[in-house]
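**Q** Here you go, one structure.
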Amino acid sequence: MPGSPTNPASRPSSSPRAGRAASLLDAVLPRPRLSRLVRLFVGLHLFGAGGALLIAADLGSSPWDVLHQGLSRHTGLSVGTWSIIIGALLMLLWIPLRQRPGLGTVSNVVVVGLSVDATLWWLPDPEAGGLVLRAAYLAAGIVVTAVATGCYIGARLGPGPRDGLMTGLAARGLSIRAARTGIEVTVVVLGFLLGGTVGLGTLAFALAIGPLAQVFIPRMRLREPE
């Protein structure tokens with residue numbers, strides 16, 4: 001009848017749908033959201049910048065960038081482009097390993113590669129400053145990468161594609177140390193055979209990145225809301 005009150009039970013309720021949407025958002029990007037996003041994207045940009053400094057120093061790149069360099073020299077594609085391609089291919093390997101990507105994982109694939117290329121584009125050529133400037137680039141690249149590790153891990157938005165491969169293999173019975181060592185030795189050898197730069201910088205990175213990351217990770221850790 002006109003004017004008769006509508007039965008509340010007959011109204012479509014948006015509460016369950018809104019609740020599901022809120023739960024999904026919390027799963028993908030937990031609170032505090034802005035702080036997590038800032039840490040994530042600052043960390044990813046710094047990852048790319050640190051890698052670019054190591055590449056520009058030409059004293060030996062980080063293990064994965066040795067591979068990216070080698071592929072770049074044979075194809076004409078940039079180091080950053082190969083970083084994106086390899087990251088995407090690694091995510092395909094997550095499927096049989098039953099790893100679950102997060103927002104940080106997908107962002108890692110794209111942002112780090114873009115940052116590498118952008119930083120290499122504007123970074124002054126260290127050759128003009130000789131070995132001293134190249135060594136400074138190397139040291140800065142290692143420290144910047146350690147800070148980036150603290151930011152990225154502090155955001156807690158999912159592992160990078162390379163770390164996910166390591167943890168996936170570890171879940172199949174390998175130790176974390178064996179999985180990481182096996183992966184990085186493999187990519188360094190492949191990269192070297194393709195013409196990537198292996199040198200004292202590669203060794204310095206391998207020895208220093210763990211202790212330095214251990215310094216920065218607690219300082220960059222995000223405080224969870226109570």
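Just so it is clear, none of the values below were taken in a lab; they were calculated from the coordinates. The model shown is predicted, which means the values in this text are computed figures rather than measured ones. Every residue, glycine among them, receives a Cβ derived from its backbone with ideal geometry; neighbour counts consider all protein chains shown.
**Q** Compute the angle between helix 63-75 and the longest alpha-carbon principal axis of the chain, please, reported from 0 to 90 degrees and rounded to the nearest 10.
**A** The angle comes out at about 80 degrees.
**Q** Quick one: ARG73, ARG223, ARG39, ARG33, fewest Cβ neighbours within 10 Å first, how do they rank?
**A** Numbers: ARG73 15, ARG223 8, ARG39 22, ARG33 12.
The order, fewest Cβ neighbours first, is ARG223, ARG33, ARG73, ARG39.
**Q** Sticking with this structure for a sec: Using only the Cα atoms of the chain, what semi-axes does the equivalent ellipsoid have when each is the square root of 5 times a gyration tensor eigenvalue? Give whole Å, largest first.
**A** Numbers: eigenvalues 343, 74, 60 Å².
For the chain, the semi-axes come out at 41, 19, 17 Å.
**Q** Next question. Compute the FRET efficiency between ARG156 and LEU25 as 1/(1 + (r/R0)^6), taking r as their Cβ-Cβ distance and R0 = 22 Å, and round to the nearest 0.05.
**A** Values: r = 15 Å, r/R0 = 0.69.
Computed FRET efficiency for ARG156 and LEU25: 0.90.
**Q** For ALA178 paired with VAL110, estimate the spin-label separation in nm (one decimal), with each label point 7 Å from Cα along the Cα-to-Cβ line.
**A** A separation of 3.8 nm, rounded to one decimal place.
**Q** Neighbouring Cβ atoms within 10 Å as the yardstick, rank SER175, SER15, SER62, SER83 fewest first.
**A** SER15, SER175, SER62, SER83
**Q** Hey, rough spin-label estimate for THR186 and LEU97, points 7 angstrom out along Cα→Cβ, what's it come to in nanometres?
**A** That separation, rounded to one decimal, is 0.9 nm.
**Q** Can I ask one more? What order do you get for VAL147, VAL116, VAL132 when you list them from fewest to most C-beta neighbours inside 10 Å?
**A** Working: VAL147 22, VAL116 28, VAL132 9.
Ordered from fewest to most neighbouring Cβ atoms within 10 Å, VAL147, VAL116, VAL132 come out as VAL132, VAL147, VAL116.
**Q** Shifting gears a bit: With a cut-off of 8 Å between alpha carbons and a minimum separation of six or more residues, what is the relative contact order of the chain in percent? It would help to have the intermediate numbers written out before the result.
**A** Values: 325 pairs, mean separation 79.1, N = 226.
Across the chain, relative contact order equals 35 percent.
**Q** With a cut-off of at most 12 other beta carbons within 10 Å, and DSSP calling the residue loop, which trypsin sites (Lys or Arg not before Pro) in the range 121-184 qualify? Please list them. Could you put the intermediate results ahead of the total?
**A** Working: sites: ARG134, ARG156, ARG162, ARG172, ARG177, ARG180; in loops: ARG156, ARG172.
Counting only loop positions with at most 12 other Cβ atoms within 10 Å, the trypsin sites (Lys or Arg not before Pro) in the range 121-184 are ARG172.
**Q** Rounded to the nearest 10 degrees, what's the angle between the helix 103-122 long axis and the longest principal axis of the chain, both from Cα atoms, 0 to 90?
**A** The angle comes out at about 40 degrees.
**Q** From the square roots a ≥ b ≥ c of the eigenvalues of the alpha-carbon gyration tensor of the range 23-117, which class results: rounded (a/c under 1.5), prolate (a/b over b/c), or oblate?
**A** Details: a/c = 2.94, a/b = 1.58, b/c = 1.86.
It is oblate, given that a/c is not under 1.5 and a/b is not larger than b/c.
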